[in-house]
Structures are given as C-alpha cells and as structure tokens.
Amino acid sequence: MSLPVATVVISTKDRRESLARTIESALAQTVAPEVLVIDDGSTDGTDEMVRARFPQVHLERSPVSRGYIAQRNLGASLARAKVVVSLDDDAYFPSDRTVEQTLVEFDHRRVGAVAIPFVNVNSGPQVLQRAPARGADIFVTDSFVGTAYAIRRDVFLGLGGFRTEFFHQGEERDLCLRMLATGRVVRLGTADPIHHVESPLRSWRRMALYGRRNDVLFAWYNVPTVMLPVHLSASSLLGLRCGLRTGHLGAMGLGLLRGAGAALRAPRARRPVSLRTYVLARRLRRGRGLPLGLFELTLPSLDRPEGV
C-alpha cells in the first residue's frame, strides 16, 4: 500500500457537530490525505459519530482528556505521511486545494514547517499567516498557530514534538525556536486560507493565566542567559499591562507566579538556544515575514545543528 502524501490530524473534544464539517473538508482535498482524528476523551458521542459517518477516517480515542498538545504529539506519531497538517475541530478548509497548495511549499530543504493562511471568521475577513507576496521568494516567520500549520513529520518527531509542560498555549513558538536552532524555518504560506470559527465559550481568564505562565517557561527553556533577565522583565511587564487593560490583571499575575514555580521545579530542562538564533527569532517576530535569502547563510548547518 502506498503512503499518503499528507496526514491531516484533527484534535477534538466535545464538538461533534463542528468536527463533522472539519472532517468533510479534509476528505474533500484534492490530494486525498490520510485523515486522523484524535478524540481527547469526548463525552458527547464524538467517537460514535465519526465511526458511523466517516468509516474511512482513522479514529484514536483517549478514555481521559490529556489536552490538545499531548494529542497533537500523538497524532504526529501515528501519521503515515511525511507531512502532517494540523486542523482544529472548530476550523475547516473552504477550498479543496489548500493541502495540495501547501505541500508545494516544502520545495526548499530549509523549510521545516509552513504556516497556512487562515481567517478568524468571527473577528473579520483579515487573512493571517499569509506571505506578503507570491513568487520565487520564501518568506519566513517565527512561529505558526496550532490550528493552521503543516510540518515535516521527521522534523517534528526529531524535536520531541511539542513540550507537554505548556499544556495550554505557547507550545508552537517554543517548537519553532527549537526548530530554528536546527537550521530549519517556518515558511509563510500562500494557500487558500483555512476558516477558523472561534468558539464563543473560550475562557479568557484561563488564556491569560496560561499565557503568562508559559511566557516564563518559554524564557526559562530557551532564552540565552545573557538575555534572560531582560526578556523576562519585558515579557512580564507587557503581560501585566495587557491584564490591566483587559481586566485580567489577577490572572496574569498568578500566571507569572506559576511559571516561575514551574521553572524552578525543572532546572535541568533549560536548553537555551544560541544568541544568534535568539536574535534572529526576535527579528522574524518583528518583521512578520522576511525573505529567506536575507539570512539563510547565518542559519545553523542542517548537517550540524546547534548543540551537536
């Protein structure tokens, strides 16, 4: 049996109806990807719906919830294709060519992942994660969002996947920085955009708490020692200002404390990237899409990544 050209991994929990639309859009893709649904302990009959309506889909159900970060890692480990495409259960492909268009964008050996364009439907028509221009140039960014990316499976597994210690939010940026340290980049895509229908039931307090907690963990794991005090001070101040503006100051402060506690409990987890990689990542974050040719010669060798 020939291997699929791509695996679409859909992590889900208790969103049976929206999941059906997600699966339908994945199965309609022109390149006929493998579709893998990871059910994170749903109690609304999600598994029965998938088995009844989509018998061609590979369903993996966890009896208890482990969180979407752990489930995305599981999905990548089970995927059979060389490229894994991530799609949340509140998102779908309006176009049947998105996966096909994205696969073409792995045509350069430096490209480890592609940030697929997407629209937050409930927020407006703006297309996010799209390259500023089509053509020969490869535009690079610092990270991608979890509901809209594709990644080389061997690169993802070689990095150890997402750090499950983040649990909620921030895992993408961490993975992408570690990937940059190996000489591979995140390419801004040009494919037909994914539509992300954000849930109105999101807990903004929870997002504020985990956002600040994981800012601290990200810095502890990755930021070079010479930059660590400045980075932590700046990110903490920005977080507290955001909390004051949005009315979640208490959650932001608690998140910073929890992040500090988690870092202190994991002294051996610290593996900072080089100062050169850190500065480049900051430059990519500010630039929101820079041509690869501007800095390719400064990247670590693919044959000898940092730390080897």
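Observations, loosely collected:
- Filter pass, ARG265 being assigned by TED's automatic domain parsing to the domain that holds ASP215, at pLDDT 90 or above, touching a helix residue (DSSP H, G or I) at 6+ places or on another chain (Cβ under 9 Å) and not aliphatic (A, V, I, L, M): no
Here is a yes/no grid of residues against (1) assigned to a loop (DSSP other than H, G, I, E, B); (2) closer than 22 Å to THR98 by Cβ; (3) at pLDDT 95 or above:
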| residue | (1), (2), (3) |
| --- | --- |
| PHE162 | yes, no, yes |
| GLU165 | no, no, no |
| ARG173 | no, no, yes |
| ARG178 | no, no, yes |
| ARG187 | no, yes, yes |
| HIS195 | no, yes, yes |
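- Lone unmet requirement of (1) among the acidic types (Asp, Glu); (2) at pLDDT below 95; (3) touching a Leu at 6+ places or on another chain (Cβ under 8 Å) for ASP142: (2)
- Among the strands (runs of 3 or more DSSP E) confined to the stretch 1-117, the ones with at least 2 residues that are not aliphatic (A, V, I, L, M) are located at 7-12, 34-40, 58-62, 83-88.
Quick grid of which residues meet (1) exposed (fewer than 15 other Cβ atoms within 10 Å of the Cβ); (2) within 25 Å of GLN169 (Cβ to Cβ); (3) among the β-branched types (Val, Ile, Thr):
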site	(1), (2), (3)
THR30	yes, no, yes
ASP40	no, yes, no
THR46	no, yes, yes
VAL64	yes, yes, yes
GLN71	no, yes, no
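- The helices (runs of 4 or more DSSP H) found wholly in the stretch 210-289 include none carrying at least 1 residues that are of a type in the set (Asp, Glu).
- Considering residues of the stretch 254-281 that are without any contact (Cβ under 8 Å) to a residue 24 or more places away in the chain and either among the charged types (D, E, K, R) or more than 19 Å from GLU165 (Cβ to Cβ) (or both) only, the residue surrounded by the fewest Cβ atoms within 10 Å (Cβ to Cβ): ARG268
- Any hit, the stretch 121-143, residues being closer than 30 Å to LEU297 by Cα and of a type in the set (Asp, Glu): yes
- Matching residues, the stretch 261-291, being in contact with a Leu (Cβ under 9 Å, 6 or more places away or on another chain) and hydrophobic (A, V, I, L, M, F, W, C): ALA262, ALA263, ALA266, ALA269, VAL273, LEU280, ALA281, LEU284, LEU290
The values are calculated or read from the model by the stated rules, or taken from the named source; none is laboratory data. Worth saying up front: this structure is predicted, and the values here are computed from it rather than measured. Neighbour counts are summed over all protein chains in view; Cβ atoms, including those assigned to glycine, are modelled from backbone coordinates with ideal geometry.
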